[in-house]
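Novice: Here it is, the structure, as C-alpha cells.
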Amino acid sequence: QVRLVQSGGGLAQPGGSLRLSCVASGFTWDYSIGWFRQVTGKEREGISCISSSDGTTYYEDSVKGRFTISRDNAKNTVYLQMNDLKPEDTAVYYCAADLTGVDVQTFCVVAPKRSDDLEVWGQGTPVTVSS
C-alpha cells in the first residue's frame, strides 16, 4: 500500500559513481522527499532532500558538490546521483517521504529522530566504496 521501493546501490571504487532510485506508491507525494544513510553502529543521518513543490534542495556538507538529488513528479520518483565516491560514503542508504509539510532542511535533519509515522521509509540499500 504505502511504500517506497529503492533500487541501485552496490559496490563502487573510490572516485566512482552510483545512482539510487526511489519510487513512491500508495500516497500522494505532496511534501519533501530525501535520502538518508546509516553507518553500522551510528544514527541515521539526512544527506540530501528536495521539496516537491518548488524543487528546493538541501545537502549535508560532506556530500556537497559530489551528490545531486533530483525528482520526477510524473513518475513519483526521486534519484540520488553519487559521484566521486569516497570510502566514508559506505553505508546503508534509505529514502523517505515527509507526510507533514515541514521545511525541506528541517525534514532532512529531524526525520531520523521523530516518529516513523510522520514519514514513509524505504527498506534501504547498501552502498560500499572500496578498492
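The values are calculated or read from the model by the stated rules, or taken from the named source; none is laboratory data. Model, not experiment: these values are computed from the prediction. Neighbour counts run over all protein chains shown; Cβ positions are idealised from the backbone, glycine included. Just so you know, the surface numbers come from the protein's heavy atoms only, side chains and all, with ligands and any DNA or RNA stripped out. Shrake-Rupley method; radii C 1.70, N 1.55, O 1.52, S 1.80 Å.
Novice: Given a 1.4 angstrom probe, what's the average accessible area per residue across the range 36-131, in square angstrom?
Specialist: Numbers: 4790 Å² over 96 residues.
Ligands and nucleic acids excluded, the figure is 50 Å² per residue.
Novice: What aspartates and glutamates sit close enough to residue 64 to cross-link, taking a C-alpha to C-alpha distance under 13 Å and skipping anything fewer than 8 places away on the same chain?
Specialist: Leaving aside aspartates and glutamates fewer than 8 places away in the same chain, those within reach of residue 64 are 84, 89.
Novice: About the Cα centre of the chain, what is the dipole size in debye to 20, counting +1 per Lys and Arg Cβ and -1 per Asp and Glu Cβ, all else neutral? Working shown, then result.
Specialist: Numbers: 12 positive and 15 negative charges, 68 e Å.
For this selection, approximately 320 debye.
Novice: Where the accessible area of the chain is counted over protein heavy atoms with a 1.4 Å probe, how much of it, in %, is carbon and sulfur? Walk me through the numbers before you get to the answer.
Specialist: Values: 2970 of 6620 Å².
Here carbon and sulfur together make up 45 percent of the probe-accessible area.
Novice: Compare the Cα positions of 106, 131, 1 along the charge dipole of the chain (+1 at Cβ of Lys, Arg; -1 at Cβ of Asp, Glu; about the Cα centre) and return the one farthest towards the positive end.
Specialist: 131
Novice: Now for a separate question. Taking the Cβ-Cβ separation of residue 110 and residue 88 as r and a Förster radius of 25 Å, what is the calculated FRET efficiency to the nearest 0.05? Walk me through the numbers before you get to the answer.
Specialist: Values: r = 23 Å, r/R0 = 0.92.
My answer for the efficiency is 0.60.
Novice: While we're here: Hey, can you rank 84-91, 12-19 by average C-beta count inside 10 Å, highest first?
Specialist: On the way: 84-91: 16.1, 12-19: 14.0.
For the peptides 84-91, 12-19, the packing ranking is 84-91, 12-19.
Novice: Another question, if that's okay. Can you compute the FRET efficiency between residue 100 and residue 40 using 1/(1 + (r/R0)^6), with r the Cβ-Cβ distance and R0 = 30 Å? Round to the nearest 0.05.
Specialist: Values: r = 29 Å, r/R0 = 0.97.
It comes to 0.55.
Novice: If you don't mind, another one. Determine which aspartates and glutamates satisfy two conditions relative to residue 113: a Cα distance under 12 Å, and not lying fewer than 8 residues away in the same chain.
Specialist: 43, 45
Novice: Taking 0.36 nm per intervening residue step and subtracting the Cα-Cα distance, what contour gain separates residue 131 from residue 13 on full extension? Can you show the working numbers first?
Specialist: On the way: separation 118, 0.36 × 118 = 42.48 nm, distance 0.52 nm.
Length gained between residue 131 and residue 13: 42.0 nm.
Novice: How large is log10 of I(q)/I(0) for the chain at q = 0.09, 0.15, 0.19, 0.22 Å⁻¹ when the intensity is taken from the Debye formula with one equal scatterer per alpha-carbon?
Specialist: One equal scatterer on each Cα of the chain leads to -0.22, -0.62, -1.02, -1.37.
Novice: Applying 1/(1 + (r/R0)^6) with R0 = 30 Å to the Cβ-Cβ distance of residue 64 and residue 117, what FRET efficiency is obtained, to the nearest 0.05?
Specialist: Numbers: r = 31 Å, r/R0 = 1.02.
Computed FRET efficiency for residue 64 and residue 117 comes out at 0.45.
Novice: Among DSSP bridges having both ends in the chain, what percentage is antiparallel? Round to the nearest 5.
Specialist: Of all bridge pairs located within the chain, approximately 90 percent are antiparallel.
Novice: Once phi is turned into ³J(HN,Hα) by the Karplus curve 6.51 cos²θ - 1.76 cosθ + 1.60 with θ = phi - 60°, what whole-Hz value does each residue of the range 69-77 show in order, with x for glycine and proline?
Specialist: 9, 8, 9, 10, 4, 5, 9, 6, 10
Novice: May I pose another question? Figure the gain on full extension for residue 3 and residue 28 (residue separation times 0.36 nm, minus the Cα-Cα span) and round it to one decimal in nm. Walk me through the numbers on the way to the answer.
Specialist: On the way: separation 25, 0.36 × 25 = 9.00 nm, distance 1.11 nm.
Using 0.36 nm per residue and subtracting the Cα-Cα distance, I get 7.9 nm.
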